[in-house]
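K.L.:
My structure is below; once you've seen it, I'll send some questions.
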Amino acid sequence: MSRIIITILCFAYITGFGQTDYTTERKHMVKTQLKARDIRDRATLHAMLNVPRHLFVPKSKRSQAYRDGPLSIGDGQTISQPYIVALMTQELKVKATDRVLEIGTGSGYQAAVLAKIVDSVYTIEIVKNLALKAKDRLKALGYTNVTVKWGDGYHGWPIKAPFDAIIVTAGAESIPQPLIDQLKNGGRMVIPVGPNNSVRQLVLVKKINNKIITKNLIPVRFVPFTRQNE
Ligand code: SAH
């Protein structure tokens, strides 16, 4: 009898039976990479525990999806390290009724994490192939409150503005003025700022009484914020 049980357990282990949704890996990621650092926001932790990150990376990289680092997603772009996604989400201090703008859709993972917390996410991606793939992926996974647009996020999304929060997931040399203009009074923006090909600062921008207050959070590396027709 015990031999049969051992055989079944070995089979289950080898085939990955019960592991295909990566629940164990995701829980481990939340515990060791987020809670063990400074991620305390319950909504952020809950979202990261529930969004299937492995479905946002190329099939060949699924087993690496929960590692403590960024991953290549094709077209020269990357999905950010889980900790950076969590930190940026936490710093936005978003709530269930919020409307959020993201610049740099990439795989759609950050948008999906935000979509678990807020009312609606508008996200812009400059690489057409990535925008189309992210749109299909988010639709297939049932994220009905995310709208993806292909274009240059420098200009923001004027007809959907103002936003309660704005997140820029590509490294900018300076903060685009249209994004500042489209942030609600009392709103928050998180954006990596600094020279290209170098370490940038993750900057928290707050709009208070229509004035901008900035705070450097941590040094980060991000793929560059590019421009269309330049
Ligand atoms: N948030 C993504 C990762 C972003 S990587 C995720 O969760 O997977 C940064 C992305 O920003 C890249 O896909 C890049 O093509 C895009 N990007 C760079 N400049 C941009 C711009 N001006 N407007 C919109 N997207 C831009």
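The values are calculated or read from the model by the stated rules, or taken from the named source; none is laboratory data. Because the structure is predicted, anything quoted here is derived from the model rather than measured. Cβ sites come from the backbone with ideal geometry, for glycine too, and all protein chains shown count toward neighbours.
K.L.:
Go through region 87-116 residue by residue and tally those that are in contact with a strand residue (DSSP E or B) (Cβ under 9 Å, 6 or more places away or on another chain) and either under 15 Å from L138 (Cα atoms) or within 7 Å of the ligand (Cβ to nearest atom) (or both).
P.N.:
First, pick out the residues of region 87-116 that are in contact with a strand residue (DSSP E or B) (Cβ under 9 Å, 6 or more places away or on another chain): 87-89, 91-95, 97-112, 114-115.
After this cut, where a residue has to be either under 15 Å from L138 (Cα atoms) or within 7 Å of the ligand (Cβ to nearest atom) (or both) as well, the list is 102-112, 114-115.
Selection size over region 87-116: 13.
K.L.:
Only one of I167, I213, I191, I159 is surrounded by fewer than 14 Cβ atoms within 10 Å (Cβ to Cβ) and assigned to a strand (DSSP E or B); which? Talk me through it step by step, then tell me what you get.
P.N.:
Numbers: I167 fails: surrounded by fewer than 14 Cβ atoms within 10 Å (Cβ to Cβ); I191 fails: surrounded by fewer than 14 Cβ atoms within 10 Å (Cβ to Cβ); I159 fails: assigned to a strand (DSSP E or B).
Going through I167, I213, I191, I159 in turn, just one is surrounded by fewer than 14 Cβ atoms within 10 Å (Cβ to Cβ) and assigned to a strand (DSSP E or B): I213.
K.L.:
What number of residues within region 61-71 are within 14 Å of the chain's Cα centre (by Cα) and more than 10 Å from the ligand (Cβ to nearest atom)?
P.N.:
At the first step, the residues of region 61-71 found to be within 14 Å of the chain's Cα centre (by Cα) are 65-66, 69-71.
Checking the rest, the ones that are also more than 10 Å from the ligand (Cβ to nearest atom) come to 65-66, 69.
Looking only at that region, the number is 3.
K.L.:
Any chance region 38-59 includes a residue that's surrounded by fewer than 13 Cβ atoms within 10 Å (Cβ to Cβ), modelled with pLDDT of 95 or more and outside any helix (DSSP H, G or I)?
P.N.:
Taking every residue of region 38-59 in turn, at least one turns out to be surrounded by fewer than 13 Cβ atoms within 10 Å (Cβ to Cβ), modelled with pLDDT of 95 or more and outside any helix (DSSP H, G or I).
K.L.:
Among residues belonging to region 120-136 that are surrounded by fewer than 18 Cβ atoms within 10 Å (Cβ to Cβ) and out of contact with any strand residue (DSSP E or B) (no Cβ under 6 Å at 6 or more places or on another chain), point out the one that is farthest from G76 (Cα to Cα).
P.N.:
The selected residue is D136.
K.L.:
Related question: Of K207, K149, which residue is within 16 Å of the ligand (Cβ to nearest atom), touching a helix residue (DSSP H, G or I) at 6+ places or on another chain (Cβ under 8 Å), of a type in the set (D, E, K, R) and assigned to a strand (DSSP E or B)? Please lay out each step first, then the result.
P.N.:
Working: K207 fails: within 16 Å of the ligand (Cβ to nearest atom).
Result: K149 is the single residue among K207, K149 that is within 16 Å of the ligand (Cβ to nearest atom), touching a helix residue (DSSP H, G or I) at 6+ places or on another chain (Cβ under 8 Å), of a type in the set (D, E, K, R) and assigned to a strand (DSSP E or B).
K.L.:
When residues of region 142-189 are filtered for being of a type in the set (A, V, I, L, M, F, W, C) and without any contact (Cβ under 8 Å) to a residue 24 or more places away in the chain, how many remain?
P.N.:
So the first thing to find is which residues in region 142-189 are of a type in the set (A, V, I, L, M, F, W, C), and the list is 146, 148, 150, 157, 159, 161, 163, 165-168, 170, 172, 175, 179-180, 183, 189.
Retained after the next criterion (residues that are without any contact (Cβ under 8 Å) to a residue 24 or more places away in the chain): 159.
Residues that pass the stated criteria total 1.
K.L.:
Scan region 5-24 and give yes if some residue there is assigned to a helix (DSSP H, G or I) and either touching a His at 6+ places or on another chain (Cβ under 6 Å) or modelled with pLDDT of 95 or more (or both), otherwise no.
P.N.:
Of region 5-24, the ones assigned to a helix (DSSP H, G or I) are 5-15, 23-24.
Applying the additional criterion that residues be either touching a His at 6+ places or on another chain (Cβ under 6 Å) or modelled with pLDDT of 95 or more (or both) yields 23-24.
Yes: region 5-24 contains one or more residues that are assigned to a helix (DSSP H, G or I) and either touching a His at 6+ places or on another chain (Cβ under 6 Å) or modelled with pLDDT of 95 or more (or both).
K.L.:
Here are the criteria: (1) crowded, with 18+ Cβ neighbours inside 10 Å; (2) part of a strand (DSSP E or B). Tell me which single one L87 does not satisfy.
P.N.:
Failing condition for L87: (2).
K.L.:
Now a separate question. Could you check how many residues of region 90-118 are outside any helix (DSSP H, G or I) and either farther than 13 Å from A43 by Cβ or of a type in the set (S, T, Y) (or both)? Lay out the reasoning, then the answer.
P.N.:
So in region 90-118, the residues outside any helix (DSSP H, G or I) come out as 93-108, 116-118.
Next, from what is left, pick out any that are either farther than 13 Å from A43 by Cβ or of a type in the set (S, T, Y) (or both): 97, 99, 101-108.
Residues in region 90-118 being outside any helix (DSSP H, G or I) and either farther than 13 Å from A43 by Cβ or of a type in the set (S, T, Y) (or both): 10 in total.
K.L.:
Yes or no: I73 modelled with pLDDT under 95, closer than 24 Å to K149 by Cα and of a type in the set (A, V, I, L, M)?
P.N.:
Details: modelled with pLDDT under 95: yes; closer than 24 Å to K149 by Cα: yes; of a type in the set (A, V, I, L, M): yes.
Yes.
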